[in-house]
Amino acid sequence: MVIRHVDVAVIGGGQAGLAVGYHLRRRGLDFVVLDAQASPGGAWQHAWDSLHLFSPAASSSLPGRVMPGQPGETYPDARHVVGYLTDYEQRYDLPVARPVRVEAVHRDGDRLLIEADAGTWRARAVISATGTWWRPFLPAAPGRSAFEGVQLHTVGYRRPADLAGQKVVVVGGGNSGAQIAADLVGTTELTWVTQRPARFLADSIDGRALFDHATARRRALDKGRADPGGVASLGDIVVVPPVREARDAGLLKARPMFRRLSATGVEWADGTRAEADTIIWCTGFRPALPHLAPLRLRGPRGHIPTAGTRALGEPRLHLLGYGDWTGPASATLIGVGRPARDAAAAVVELLGPP
């Protein structure tokens, strides 16, 4: 068995993996980015057709390279983001190996051993940046197994034409649920269901304001000040243009969560029902971390305890891009830059200069 040796192995070639690759390259470390995808772009290449960013291009950039604007669009679409990430990877000559699916990370003396379907690597440090898209969450709703129609998660939805003329129930009061519901208005017989009343942010708030709020909160907490509240304190749904149009036309009204599913649809506690051909679960994701299971680092709630991006139980491991627990807004394009820089600095401190 051939084992390749590197200073750092980055697992995941999406936005977080590329951002930390940029900083590792600047610091002169020998590293590899192991990406399970066959082409650049991370999860963005698998998003639904109408997905757009919440922020203008210039406010959605990775370190070192401003995202160019997309002609005719204030908020770039997913295809534009894929093009930007492809260019970013090439511009900085990042050493991405693909497709390489990492199966397990083990301790191996003073190194970490990375086992993948395309070979084995031995690294002095590992940065896991696999994100959440690959681990969709489906709630244990009563009757879900009895429903005879089609059930999709957000990851399985593509375009309204695929569901034209159907009765569709969209479940979820976050951005994905609102955007997909707005996408289906007029094409399907739509029922939008949310756990609590839909909370739209002010129309003037976009991703820039959310990032600024998350950053200010982190600074306040770091200085021992009172918690001003996370982004969720402002609301749940960014009012991008399609959502605003559907809402203002009175076509985007959420019903409360149903009690159970039946063979043909959903049923509320008062006995009212909605028939459904398809149910789309926009119910979020969990961190995609099964490759780290051999390290036995998970805490009681499933998260790996960290100090910043560093795993408390394994100082040679950093986690990047999974949400606020690995850096404020670290699951966003603009937000991942700072924790990526910090993770690279921490790795250099651990390993010493190259």
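The values are calculated or read from the model by the stated rules, or taken from the named source; none is laboratory data. Every value quoted in this text rests on a predicted model; they were computed, and no experiment measured them. Don't worry about glycine lacking a Cβ; one is built from the backbone with ideal geometry, like all the others, and counts go over all protein chains shown. Accessible surface is based on the protein model in full, side chains and every heavy atom, while ligands, DNA and RNA are left aside. Shrake-Rupley method; radii C 1.70, N 1.55, O 1.52, S 1.80 Å.
Scanning the stretch 109-131 for residues that are touching a residue at least 12 places away in the same chain (Cβ under 8 Å), part of a loop (DSSP other than H, G, I, E, B) and open to solvent by 40 Å² or more (accessible area, probe 1.4 Å) yields 110, 117, 118. Looking at 264, 278, just one residue is surrounded by 17 or more Cβ atoms within 10 Å (Cβ to Cβ), of a type in the set (S, T, N, Q) and either in contact (Cβ under 8 Å) with a residue 24 or more places away in the chain or within 26 Å of residue 148 (Cα to Cα) (or both), and that residue is 278. None of 24, 18 is open to solvent by less than 20 Å² (accessible area, probe 1.4 Å) and out of contact with any Asp or Glu (no Cβ under 7 Å at 6 or more places or on another chain) except 24. Here is the figure for the stretch 318-354: residues that are hydrophobic (A, V, I, L, M, F, W, C), touching a residue at least 40 places away in the same chain (Cβ under 8 Å), open to solvent by 40 Å² or more (accessible area, probe 1.4 Å) and in contact with a Ser or Thr (Cβ under 9 Å, 6 or more places away or on another chain) total 2. Answer yes or no: is there a residue in the stretch 288-310 that is surrounded by fewer than 21 Cβ atoms within 10 Å (Cβ to Cβ), within 15 Å of the chain's Cα centre (by Cα) and either at positive phi or of a type in the set (Phe, Trp, Tyr) (or both). No: zero hits. Across the stretch 68-86, not a single residue is classified as part of a loop (DSSP other than H, G, I, E, B), touching a Gly at 6+ places or on another chain (Cβ under 6 Å) and more than 30 Å from residue 352 (Cβ to Cβ). Among the residues of the stretch 273-281, at least one is within 30 Å of residue 182 (Cα to Cα) and among the basic types (Lys, Arg).
Checking each residue in the stretch 50-87 for being crowded, with 17+ Cβ neighbours inside 10 Å and on the phi > 0 side of the Ramachandran plot picks out no residue at all.
Assessment of the stretch 136-152 against the conditions (under 26 Å from residue 352 (Cα atoms), in contact with a helix residue (DSSP H, G or I) (Cβ under 7 Å, 6 or more places away or on another chain) and buried (at least 18 other Cβ atoms within 10 Å of the Cβ)) yields no matching residue. The residues of the stretch 284-312 that are basic (Lys, Arg) and in a strand (DSSP E or B) amount to a single one, 310. The residues of the stretch 162-192 that are more than 21 Å from residue 144 (Cβ to Cβ), of a type in the set (Gly, Ala, Ser) and assigned to a helix (DSSP H, G or I), listed by number, are 178, 182.
Among the conditions (1) assigned to a strand (DSSP E or B); (2) open to solvent by less than 30 Å² (accessible area, probe 1.4 Å); (3) touching a Leu at 6+ places or on another chain (Cβ under 8 Å), residue 315 misses just one, which is (2).
Would you say residue 52 is modelled with pLDDT under 95, over 22 Å from residue 349 (Cα atoms) and either in contact with a strand residue (DSSP E or B) (Cβ under 7 Å, 6 or more places away or on another chain) or of a type in the set (D, E, K, R) (or both)? The answer is yes for residue 52. Just give me the residues in the stretch 139-185 being farther than 15 Å from residue 50 by Cα and of a type in the set (Gly, Ala, Ser), in sequence order. Within the stretch 139-185, 140, 141, 143, 145, 146, 149, 164, 165, 172, 173, 174 meet the criteria. Counting the residues of the stretch 311-354 that are of a type in the set (Lys, Arg) and within 18 Å of residue 114 (Cβ to Cβ) gives 1. Any residue in the stretch 100-118 that is basic (Lys, Arg) and over 27 Å from residue 39 (Cβ atoms)? Within the stretch 100-118, one or more residues are basic (Lys, Arg) and over 27 Å from residue 39 (Cβ atoms). Just so you know, in the stretch 27-48 the residues that are charged (D, E, K, R) and either in contact with a strand residue (DSSP E or B) (Cβ under 8 Å, 6 or more places away or on another chain) or open to solvent by less than 20 Å² (accessible area, probe 1.4 Å) (or both) include one that is farthest from residue 159 (Cα to Cα), and it is 30.
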